[in-house]
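The values are calculated or read from the model by the stated rules, or taken from the named source; none is laboratory data. Note that the structure is a prediction, hence the values are computed from the model and not measured. Reconstructed Cβ throughout: ideal geometry from the backbone, glycine too, with neighbour counts over all protein chains shown.
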């Protein structure tokens, strides 16, 4: 007798579910009350300048995708080349975001070169600085290295939800409750120290991001 398909016997969700899940997320987005806190007017010119936006992994679905459409069209997100990353990549494309696939463990060099190329062309890039494996709220040195090589400024991009569900994952992924308020905070461009190591600059980025982050545990 043929074995029936069940999600229980799959270690990962099947790839065909990516688009239905993405459409469901987009429908839920319509219920949110969105506020953009852009005191430095980074978004005012619709990203005619190239920036590196630093985001937390547990809020990636509710940060860059909530930016104005004109900004999203000039923004490319670095997303893991893993099968799980395909779900996030599909959602990103649905919200008219560009995608660069790669991570430190798979396709990292190619992704770094493509992001540098995008920045040189005047596009902006977004990086989940503690992804794809954490630890949560720990900024890896790669974002500082990219900033040093491309001369682009790093800008924290943090979304804070009034009410949210928290998943039992390494990053404690936050899913805003429908009809809640989400505030997207665009931080001040970070000036990196030319004399400091990439790791030291990464810690400076982390401190700036944490200053904008609201969390149940903080």
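At a glance:
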read-out: Scan of the range 58-86 for residues that are in a helix (DSSP H, G or I), within 19 Å of residue 136 (Cβ to Cβ) and in contact with a helix residue (DSSP H, G or I) (Cβ under 9 Å, 6 or more places away or on another chain), ordered by number; value: 60, 61, 62, 64
read-out: Identity of the residue in the range 109-126, under 16 Å from the mean Cα position of the chain (by Cα) and either in a loop (DSSP other than H, G, I, E, B) or within 10 Å of residue 80 (Cα to Cα) (or both), that ends up modelled with the highest pLDDT; value: 123
read-out: Filtered residue count, the range 144-166, keeping only those that are surrounded by 14 or more Cβ atoms within 10 Å (Cβ to Cβ), assigned to a strand (DSSP E or B) and more than 15 Å from the chain's Cα centre (by Cα); value: 4
read-out: Residue among 216, 188 that alone is more than 26 Å from residue 31 (Cα to Cα), part of a loop (DSSP other than H, G, I, E, B) and touching a strand residue (DSSP E or B) at 6+ places or on another chain (Cβ under 8 Å); value: 188
read-out: Subset tally (residues that are out of contact with any strand residue (DSSP E or B) (no Cβ under 8 Å at 6 or more places or on another chain) and crowded, with 17+ Cβ neighbours inside 10 Å) for the range 202-213; value: 2
read-out: Failed condition for residue 97, given (1) within 24 Å of residue 206 (Cα to Cα); (2) in contact with a strand residue (DSSP E or B) (Cβ under 7 Å, 6 or more places away or on another chain); (3) surrounded by 20 or more Cβ atoms within 10 Å (Cβ to Cβ); value: (1)
read-out: Residue in the range 128-143 that is over 13 Å from the mean Cα position of the chain (by Cα), assigned to a strand (DSSP E or B), surrounded by 16 or more Cβ atoms within 10 Å (Cβ to Cβ) and in contact (Cβ under 8 Å) with a residue 24 or more places away in the chain present; value: no
read-out: Matching option when the condition is out of contact with any helix residue (DSSP H, G or I) (no Cβ under 9 Å at 6 or more places or on another chain) and either buried (at least 18 other Cβ atoms within 10 Å of the Cβ) or at pLDDT below 95 (or both), among 90, 48; value: 48
read-out: Residue within the range 72-82 that is more than 13 Å from the chain's Cα centre (by Cα) and at pLDDT below 90 present; value: yes
read-out: Pick from the range 191-210, criterion assigned to a loop (DSSP other than H, G, I, E, B) and under 18 Å from residue 152 (Cβ atoms), ranking: modelled with the lowest pLDDT; value: 191
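For (1) free of Cβ contacts under 8 Å to residues at least 24 places away in the same chain; (2) touching a helix residue (DSSP H, G or I) at 6+ places or on another chain (Cβ under 9 Å), each residue gets a yes or a no:
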residue: 168; (1), (2): yes, no
residue: 178; (1), (2): no, yes
residue: 187; (1), (2): no, yes
residue: 193; (1), (2): yes, yes
residue: 198; (1), (2): no, yes
residue: 201; (1), (2): no, yes
